[in-house]
1. Please list, in order along the range 244-260, the HN-Hα scalar couplings obtained from phi with the Karplus expression 6.51 cos²θ - 1.76 cosθ + 1.60 (θ = phi - 60°), rounded to whole Hz, x for Gly and Pro.
2. Filter the trypsin sites (Lys or Arg not before Pro) in the range 312-402 to those in DSSP coil with at most 10 other Cβ atoms within 10 Å of their Cβ, and list the result.
3. Calculate the dipole size of the range 280-394 relative to its Cα centre from +1 charges on Lys and Arg beta carbons and -1 charges on Asp and Glu beta carbons; express the result in debye to the nearest 20.
4. V360 to F268: FRET efficiency via 1/(1 + (r/R0)^6), r the Cβ-Cβ distance, R0 25 Å, to the nearest 0.05?
5. Roughly speaking, to the nearest percent, how much of the range 113-273's 1.4 Å accessible area is carbon and sulfur?
6. Set the Förster distance to 51 Å, then compute FRET efficiency between Q317 and E254 from the Cβ-Cβ distance, nearest 0.05.
7. With a sphere of radius 11 Å drawn around the Cβ of L226, what net charge do the other residues whose Cβ falls strictly inside it have (Lys, Arg +1; Asp, Glu -1)?
8. Considering only protein heavy atoms, what is the solvent-accessible area of E162 at a probe of 1.4 Å, reported in Å² to the nearest 10?
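The values are calculated or read from the model by the stated rules, or taken from the named source; none is laboratory data. Remember, it's a predicted structure, so these values are computed and weren't measured experimentally. Because the Cβ atoms are built from the backbone with ideal geometry, glycine has one as well, and the counts that use them run over all protein chains shown. Protein only, heavy atoms only, side chains kept; ligands, DNA and RNA dropped before computing areas. Shrake-Rupley method; radii C 1.70, N 1.55, O 1.52, S 1.80 Å.
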Amino acid sequence: MPSTLLAKPNINNLLSATAMALCSAFCPRISTNFRPKPFSSFPSKPLLSLSFKVFSSQATDASSQGPLILMLKSESKTGLTCFISVYGTIATRCYLTLTMIMLNVTDKFSGRVGFLGLGIMGSPMAQNLIKAGCDVIVWNRTKSKCDPLISLGAKYSSSPEEVAANCDVTFAMLADPESAIDVACGKNGAVSGIGPGKGYVDISTVDVATSKLINEHIKARGALFLEAPVSGSKKPAEDGQLIFLTAGDRSLYELVSPLLDILGKSRFYLGEVGNGAAMKLVVNMIMGSMMASFSEGILLSKKVGLDPSVLVEVVSQGAISAPMYSLKGPSMVKSQYPTAFPLKHQQKDLRLALGLAESVSQSTPIAAAANELYKVAKSYGLSDEDFSAVIEALKAKSQDTA
Ligand SMILES: NC(=O)C1=CN([C@@H]2O[C@H](COP(=O)(O)OP(=O)(O)OC[C@H]3O[C@@H](n4cnc5c(N)ncnc54)[C@H](OP(=O)(O)O)[C@@H]3O)[C@@H](O)[C@H]2O)C=CC1
Ligand SMILES: O=CC(=O)O
């Protein structure tokens, strides 16, 4: 629980500011990140990036005159644990002492991490691993996208095969099923370099059959496989706030969890290979339909003389609010679509989700209609715009029928 919830309101700022000031003397860099994350054997966040949580507190008097004892506990991901006691009479002043510093020394994993596919998502993810201190080898079809990561300390290998051969765990973040299969199973693909004791983690959004196919090839080489598509876009990738939807080898999941924790805010383990892909497709099917419906609302509000910016604000305050609407609504109103999630990938996900629905005879008429709209948007050359540009397809349709 953040310390501000337990400290008395009138001394909140004093306490936290004083505690932070005291700690600054010991630690040059203090994170404001309050997310607790497990310690791992992988190299992770920098040694002195600490987050504070209230460990215990006692305020014997509700008035501002009462004595207060507050204990802050901080754990860095490298095992440094420190306790800071804050005590004293509030009316006078607070005393702070660094009561204990403990270093938990654990074996360092000498694991090398490979990263294949450095697009909108792959680049910031690889960057976060490098910044966390991981030993990373990168590869991308267009080599120039490796350069910023190489300057941050990554090594480069000239094929997925070489990356997999030189790494303990290799991540892949590729555009679609075709590229995911090619990079894993094609000529000089990761499968050729992988072997027993190694793992392959595919984060790309693909269909169930593709994930199972890659799993079979990896398994045939005696290696482990985990599918781990992500929910969350460019900004969550940059901020290490992705949601992992994993399935496959449980032991690989356990092994890479510390790495997933660097990249994301939560992770789900869903069992058999295919469940992660299916979950991701269902989520993105909903997202694609939501965006199409939101686009209709914006255009209808404008046509009946309302201010669409006000609609965006109204939506943001009610039961149908969604971060996606608040984030993208204002720029959609201005006909701007800075690419975070390319429209071509949203249409790919709808297509794959419809295939999934078909495989179990589930009716999905809303998603089918949305998919048609994204196909129209692609035909207008909007493939590489953000998926919110789907509104342009509706604008064009309205003109056709006017
Ligand atoms: N952007 C987003 O918000 C999110 C995307 N996703 C999913 O993540 C995946 C990646 O998305 P994103 O980073 O946005 O996509 P990008 O289009 O930015 O990047 C795609 C990557 O795939 C590579 N690639 C494409 N075709 C091939 C091929 N035939 N052979 C080898 N490499 C290839 C590209 O290489 P090159 O640089 O050479 O073109 C690039 O590295 C997709 O499956 C997407 O659906 C999931 C969550 C969010
Ligand atoms: O797949 C896209 C996302 O935003 O999640």
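1. Result, rounded to whole Hz: 8, 10, 9, 7, x, 5, 4, 5, 5, 4, 4, 5, 8, 3, x, 6, 4.
2. When the trypsin sites (Lys or Arg not before Pro) of the range 312-402 are filtered for loop state and at most 10 Cβ neighbours within 10 Å, K334 remain.
3. Values: 10 positive and 10 negative charges, 26 e Å.
Around 120 debye, computed over the range 280-394.
4. About 0.75, to the nearest 0.05.
5. Details: 3040 of 5940 Å².
C and S atoms contribute 51 percent here.
6. So the FRET efficiency works out to roughly 0.75.
7. Values: positive: R250, R267; negative: D202, E227, D249, E254.
Result for the neighbourhood of L226: -2.
8. Rounded to the nearest 10, that gives 80 Å².
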